[in-house]
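First up is the structure itself, then whatever we jot down about it.
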Amino acid sequence: MGALINVDYSDELTRLRVHEIVKYFQRLGIPLKLSKISNEIIADSFYVHYRTPILREKPNNEEVLWYLFIKSYLSTDVYQEVSKISRYNYQVSKSASIKLLRAYNSLISRIERGAVEGVEDKRQDLRELSENQQLRQEINSLLRFYMGNIKNIEKLRKSITKALGNEVGKEAAELLFDIDIDPYRARLAKILESLVEMLSAIQPEVEQGEISERRGVLSGVTRLRTYADLQRATNLSKALYIQSRELFGYKLATKSLSIYDMSLDTRDRVYLLVDKSGSMFYTLYDGVAMDMTQKITWATALAIALMKKSKRVVLRFFDQMVYPPITNIKDIIKSLLRVLPLGGTDITAAVHTAVRDAKQMGLHNYKLIIITDGEDDMVQPEVLKMAKASFREVKAVLIGGYNETIESYLPTIKINTVNPESLKLALKNI
C-alpha cells in the first residue's frame, strides 16, 4: 500500500508507468535499491507530480520513512514550483519522479552507512522519525540537490507560449526541467527570456509575410472571404446555387463556398545555416539597452522570425558538425536547448550539406542564408561558388565578427549590435 489515497496501485496503467520508470533507471545505469523501494513508492513518486496528491492519514508500517520523505517534499517550495509544470504532463512527471527517487535512494544509502543519527534500518515510529532534526535536514538537503532550482520555469513557459504557441512553451518547460545542472539551466533560461523579448519587440514585422494581389490573374482556388468575392464563384459554387439553394445558403453563411483566387503567395522559401559553435555563446554589448546579449540568441530570433515570415524554411544548426534539418519553431527551441555548443566552426562542411540538400530535395528556388560570427579561417571559396549555383540567392549575416572569404564572395549583412533594431534591419535586407 502506497502513501496516496487517490492512486489505484493495481491498475494496469499504474503498473506500466512503474515499469517504464524502472527501465529508464536501468538504461541510465543508475543503481536503485529495488529491495527497499517498492512499486508503490515508485508509483507515488510519479502521481505526486501528475495529479493533486492526497496523503493517507497514517503510513504503512513498512514505509514510514517514505511517508515522511514524501510529506516533507509536499511542504517545500521546490514541490510548488515543480507541480506548476508537472500537473497532467507525463514527461515532466516522469522526470520529476526519477529525480525524487534518486533523492530517496541517496537517503537510504546514507542511513545504511550510519550517516544519519537516530535512524536505524528497521521499522520506526513516524513521530520518532518526525522529531529527528538531522533526518529532516538531510531530507531537505537531498531534495534541493536532486530536484534543483527551477524557479520561474512556469513564468518562462507562459511567456514562450504567448510568443510562440502552447506546444513550444510546453516543450521548453519540459527540456529545461530535464537539465540537472542548475547553472546551465539558468543560462539557457536567460537565452530563452532574451529570445522572447526580442521576438515580441519585432512582432509586427514577422506576421505571415506578404501576399501580393494580382488583379485579373487567376492563381488558384480558395474559400470565400467576403460577399464581394461571389463575382469569382467557381463552377461548383454556381452549380450549388442552381441545384440546392438551401445548401448554397448554408455555405454562403459559413463562408465555405469556393471562389477563384486572384492573390499570389510571394513569400520567400529560405534555407538557413545557423552557427551554434562555442563562440556564438559569447555576448555582445548593446549600448542602448546597456545589456549583454549572446550572439546565439539573436541568431535564433532571426531564424524564428524568418520561419514565421517565409512560406517555407529549412534550418540546420552547425558547429564542428552539421545537425539534422528543422522545419518548425518547436524543433528550433528543442535543438537550442539540447545541442551543447562545441568549440570549433566548420562553415565549409555546413555549406556543402546545404548544396547537397538543394540537389536532393529540389531547393534551387530557395534563398540560402548563412548566420555566423565568421570565426573560421578555413572557409573554401569553391563551396561558396557552388552554393551560388545551387540556390536562387545566397547571403551571409555576420554577427559581431568578420570573415574575409565570406565577405569577398557573398553579399554580407554585418551586425555589430544584437538588439531588436538590428534584427529588423537584417529582416529587411534578407
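The values are calculated or read from the model by the stated rules, or taken from the named source; none is laboratory data. All values derive from a computational prediction rather than experimental measurement. Cβ placement follows ideal geometry from the backbone for every residue including glycine, while neighbour counts extend to all protein chains displayed. Ligands, DNA and RNA are stripped out before the accessible areas are found, and what is left, the full protein with its side chains, is counted by its heavy atoms. Shrake-Rupley method; radii C 1.70, N 1.55, O 1.52, S 1.80 Å.
Without any contact (Cβ under 8 Å) to a residue 40 or more places away in the chain and among the aliphatic types (A, V, I, L, M): is that true of L13 in this structure? Give the steps one after another, and end with the answer.
Numbers: without any contact (Cβ under 8 Å) to a residue 40 or more places away in the chain: yes; among the aliphatic types (A, V, I, L, M): yes.
Yes: the conditions hold for L13.
Name the residue that is surrounded by the most Cβ atoms within 10 Å (Cβ to Cβ), counting only residues in region 59-93 that are part of a helix (DSSP H, G or I) and of a type in the set (G, A, S). Don't jump to the end; show me each part of the working.
Filtering region 59-93 down to residues part of a helix (DSSP H, G or I) leaves 61-74, 77-86, 90-93.
Going one step further and asking which of them are of a type in the set (G, A, S), we end up with 72, 83, 86, 93.
Details: S72: 16, S83: 20, S86: 25, S93: 23.
Within region 59-93, the match that is surrounded by the most Cβ atoms within 10 Å (Cβ to Cβ) is S86.
In contact with a helix residue (DSSP H, G or I) (Cβ under 6 Å, 6 or more places away or on another chain) and assigned by the TED database to the domain that holds V82: does that describe K58?
On the way: in contact with a helix residue (DSSP H, G or I) (Cβ under 6 Å, 6 or more places away or on another chain): no; assigned by the TED database to the domain that holds V82: yes.
No.
Show me the helices (runs of 4 or more DSSP H) found entirely inside region 203-315 where at least 1 residues are at pLDDT 80 or above and over 30 Å from N328 (Cα atoms). Can you show your working first?
Values: elements: 203-206, 235-243, 245-253, 295-309.
Fully inside region 203-315 and qualifying: 235-243, 245-253.
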Completion exercise
So, first residue within 22 Å of N132 (Cβ to Cβ) in region 93-120, second residue basic (K, R) and open to solvent by 30 Å² or more (accessible area, probe 1.4 Å), Cβ within less than 8 Å, six or more apart or across chains; the pairs are N105/K33; I108/K33; I108/K36; S109/K33; V116/R110
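Could you check region 25-42 and list, in sequence order, the residues that are farther than 25 Å from L135 by Cβ and either crowded, with 16+ Cβ neighbours inside 10 Å or basic (K, R) (or both)? Full working, then the answer.
Restricting attention to region 25-42, the residues satisfying the condition of being farther than 25 Å from L135 by Cβ are 26-29.
Listed by number, the list holds a single entry, R27.
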Completion exercise
Among the residues of region 302-321, the number that are open to solvent by 30 Å² or more (accessible area, probe 1.4 Å) and within 21 Å of G374 (Cβ to Cβ) is 2
Practice task
Give the number of residues within region 377-430 that are open to solvent by 70 Å² or more (accessible area, probe 1.4 Å), of a type in the set (A, V, I, L, M), under 19 Å from L302 (Cα atoms) and touching a residue at least 24 places away in the same chain (Cβ under 8 Å).
Solution key: 0
Fill in the blank from the handout: Residues of region 20-53 being among the β-branched types (V, I, T), over 23 Å from D125 (Cβ atoms) and not in a helix (DSSP H, G or I), in sequence order, are I30, T52
Practice task
Kindly check whether there is at least one residue in region 409-419 that is farther than 24 Å from S200 by Cα and out of contact with any strand residue (DSSP E or B) (no Cβ under 6 Å at 6 or more places or on another chain).
Solution key: yes
Problem - Listing of helices (runs of 4 or more DSSP H) fully contained in region 120-199 that carry 1 or more residues being open to solvent by 30 Å² or more (accessible area, probe 1.4 Å), touching a Lys or Arg at 6+ places or on another chain (Cβ under 9 Å) and under 22 Å from V92 (Cα atoms) - result: 133-147, 153-164, 166-178
Handout entry: The one condition in (1) of a type in the set (S, T, N, Q); (2) surrounded by 20 or more Cβ atoms within 10 Å (Cβ to Cβ); (3) under 20 Å from Q134 (Cβ atoms) that S45 fails to fulfil
Key = (3)
Practice task
Could you figure out which of (1) of a type outside the set (S, T, N, Q); (2) out of contact with any Asp or Glu (no Cβ under 8 Å at 6 or more places or on another chain); (3) surrounded by fewer than 18 Cβ atoms within 10 Å (Cβ to Cβ); (4) on the phi < 0 side of the Ramachandran plot isn't true of G114?
Solution key: (4)
